[in-house]
Amino acid sequence: MVELSLVVLLIGLFCLLTVPIFAGWGEGSLQSSARRLAGTVKYLYNESALQKEEFRLIFNLEEGAYEAKVLRLNGQLTELTGTGRRQQLKGGVRFQDIAVAGHGKFSSGEVTTVIHPVGWLEETVIHLKDEDGRALTLRLMPFTGSTEIYEGYREFEKNL
């Protein structure tokens, strides 16, 4: 009887320690998707300046995916491999909408952000949302290629 109660106590202890980890699972997917996208943007910004070619980051809002293409000097638009390859948002995360400076806000279809080789990209605000309704706002900064990440849904109307 003592052994059985010890086993039940250990199982209860393990459950107590692991349940909080799994409770934030969706939030981890949202944060992970945001960080991965931010890393991709910075990589493309740097590659565009190094290669002296225009890069395009293409978002498919229905599929929750994005990919990069490079506009070669001969005018051909080529898909990238590695960091720029097609990537899917993780764990029920989706694009709520995307706003690109000078082009407006989109909640469906494909949206393209152009990254110019002179060290500039179109200011873009991306709203991500997960299945539980949590939201993150990503703001792509034009002159640095960095991404600011904010909790919740934020708008930056005067710049877009």
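The values are calculated or read from the model by the stated rules, or taken from the named source; none is laboratory data. All values reported here derive from a predicted model rather than from experimental measurement. Note: ideal-geometry Cβ built from the backbone for every residue, glycine included; neighbour counts use all protein chains shown. Surface areas here come from the heavy atoms of the whole protein model, side chains and all, with no ligands, DNA or RNA. Shrake-Rupley method; radii C 1.70, N 1.55, O 1.52, S 1.80 Å.
At a glance:
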{"quantity": "Size-normalised alpha-carbon gyration radius of the range 73-139, reference 2.2 N^0.38 Å", "calculated": "1.30"}
{"quantity": "Geometric extent, Cα atoms of the chain - Rg, Dmax (angstrom)", "calculated": "20.3, 79"}
{"quantity": "Contact order relative to length of the chain, as percent, for alpha carbon pairs under 8 angstrom and 6 or more apart", "calculated": "22 percent"}
{"quantity": "Segments 143-156, 32-45 sorted - mean Cβ within 10 Å per residue, highest first", "calculated": "32-45, 143-156"}
{"quantity": "Rounded Å value of the spacing that divides the Cα centres of the range 99-142 and the range 69-97", "calculated": "13 Å"}
{"quantity": "Largest to smallest principal axis extent of the C-alpha atoms in the range 100-160, angstrom", "calculated": "40, 23, 21"}
{"quantity": "Positive dipole terminus of the range 99-160, leading residue within V111, T144, I126 (C-beta point charges)", "calculated": "T144"}
{"quantity": "Between 0 and 90°, nearest 10: helix 2-23 axis offset from the chain longest Cα axis", "calculated": "20 degrees"}
{"quantity": "Pairs beyond 23 Å (Cα-Cα), from K52/K129; K52/K105; K42/K90", "calculated": "K52/K129; K52/K105"}
{"quantity": "In nm, spacing of pseudo-spin labels at M141 and Q76 (7 Å Cα→C-beta vector)", "calculated": "3.6 nm"}
{"quantity": "Carbon + sulfur, % of accessible area of the range 73-160 - ligands and nucleic acids excluded, 1.4 Å", "calculated": "48 percent"}
{"quantity": "C-alpha long axis of helix 25-51 to longest principal axis of the chain, angle in °", "calculated": "30 degrees"}
{"quantity": "Residue-normalised accessible area of the chain, given per residue in Å² at a 1.4 Å probe", "calculated": "57 Å²"}
{"quantity": "Cβ-Cβ FRET estimate between T83 and V118, R0 fixed at 22 Å, reported to 0.05", "calculated": "0.55"}
{"quantity": "V7-D132 FRET efficiency (beta carbon distance; Förster radius 25 Å; 0.05 resolution)", "calculated": "0.15"}
{"quantity": "Net dipole in debye of the chain [+1 Lys, Arg Cβ; -1 Asp, Glu Cβ; about Cα centre; nearest 20]", "calculated": "360 debye"}
